Amino acid sequence: MAYESLLLLGVLSVCFMLPHLALGMSFNIALPGWVLLTHIFIVLGAYFVWYWHHGGQTLAMQTWKIQLLTPSGTQPSLTQLALRYVLAWPCLVYLGAGLFWAIFDRDRQFLHDRLAGTRLVFKRD
């Protein structure tokens, strides 16, 4: 997660910070907080869902050879990927409760994976 966070700083710098800096500097516009949060949610969602849909791995997951699949070993649908992304937010925001779920889960899967019908597996070369 730490490595993924570093990569996300670059993604947010380009897709979030630069456009809002340009708006602020060029037109003296400061958007309301809810617009900024919605923009972050959409940018991060596009990043994660796109990478998960194209190979089942984000850049950090490629480094650690972790892949996102369904329990049957197939590529998850776009609906499952979007659901996983949306469900990951409360799992992280509520003090990582969805991550601690993996300690007690029989398959060591996160809560958002269990609910979305996905799972993380180590990719074999």
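Rule-based calculations on the coordinates, nothing more; no lab input. Keep in mind that what you see is a predicted model, and the values were worked out from it rather than measured. Positions of Cβ are backbone-derived with ideal geometry, glycine not excepted, and every protein chain shown enters the neighbour counts.
Taking every pair of alpha-carbon atoms in segment 60-125, what share in percent sits in each 10 Å bin, from 0 to the bin with the longest distance?
Result, from short to long distances: 22, 52, 25, 1 percent.
Charges only on Cβ, +1 for Lys and Arg, -1 for Asp and Glu: so what's the dipole of the chain about the Cα centre, in debye to the nearest 20?
Numbers: 8 positive and 5 negative charges, 56 e Å.
With Lys and Arg at +1 and Asp and Glu at -1, about 260 debye.
With each run of n ≥ 4 DSSP H residues scored as -39500 (n - 2.57), what mean residue ellipticity at 222 nm is computed for the chain after dividing by its residue count and rounding to the nearest 500 deg cm²/dmol?
-19000 deg cm²/dmol
Can you list the DSSP H helices in the chain whose Cα atoms extend at least 20 Å along the helix axis and whose mean Kyte-Doolittle hydropathy is -1.0 or higher?
Helices passing the filter in the chain: 33-53, 78-93.
Can you find, among MET61, LEU87, HIS112, the residue farthest towards the positive end of the dipole of segment 36-121? Put +1 on the C-beta of Lys and Arg, -1 on that of Asp and Glu.
Working it through, the farthest residue towards the positive pole turns out to be MET61.
Please report the orientation-averaged projected area of segment 11-80, defined via the convex hull of its C-alpha atoms, in nm².
On the way: hull surface 23.6 nm².
For segment 11-80, averaging the hull's shadow over all directions gives 5.9 nm².
Find out how many positive minus negative residues lie around GLN57, taking Lys and Arg as positive, Asp and Glu as negative, among other residues whose Cβ is under 9 Å from that of GLN57.
Taking every Cβ under 9 Å from that of GLN57, the sum is +2.
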